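Scroll down for the structure; my scribbles are underneath it.
Just so you know, all these numbers are worked out from the coordinates, no wet-lab data involved. This is a predicted model, so every value here is computed, not measured. Positions of Cβ are backbone-derived with ideal geometry, glycine not excepted, and every protein chain shown enters the neighbour counts.
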Amino acid sequence: MDNILYDLYPLITALIAMLLAQIIKTIYFYSKHNDLHWKGFFSSGGMPSAHSAMVTALTTAIAFKDGFFSSIFSVAVVFSLITLYDAAGIRRAAGKQAEVLNRIIEDFFKGKGLNIPKLTELLGHTPLEILAGVLLGIGVAFLTYKIF
């Protein structure tokens, strides 16, 4: 228990990357839409991918701390790949399906006075959003490694 911050370096790095991605996402949304959308800070989807930033920062920090040939790094790589695949594939497809369903509901019930809540459409990420998250995660891990 010499240096608890160093022991927690991967966790702290992952949390910093996720928080930074959510802040950047809020600023990016504001710059595109001229609207400060705080709800977006707490939601998934958007640029950059906070999921990608978080798992990449975690994996990179584990590599720095425990080595690229450690068992825990192997586990982190698999975990990261599953998360990145999910963000780009499954969650993105679910978001597109929600978009289509929302259009169908609007068209079908137009003028009928039904109040059906819209489905969340921004669930997954584009490849560019994931790449931005990956690069952010690696960058945060590099910067925090110098501090710890």
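Below are the figures for this structure:
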| read-out | value |
| --- | --- |
| Additional length obtainable on full extension of the chain from residue 34 to residue 147, 0.36 nm per residue less Cα span | 37.1 nm |
| FRET efficiency, residue 8 to residue 135 (Cβ-Cβ, R0 30 Å, nearest 0.05) | 0.80 |
| From phi via Karplus (6.51, -1.76, 1.60), per-residue ³J(HN,Hα) for region 58-64 in Hz, x at Gly/Pro | 4, 5, 5, 5, 5, 4, 5 |
| Under 13 Å, Cβ to Cβ, from residue 59 - net charge with Lys/Arg +1 and Asp/Glu -1 | 0 |
| Chain lengthening between residue 108 and residue 71 when straightened (0.36 nm per residue, less Cα-Cα) | 7.9 nm |
| Burial order of peptide ranges 130-143, 22-35 (average beta-carbon count within 10 Å, highest first) | 130-143, 22-35 |
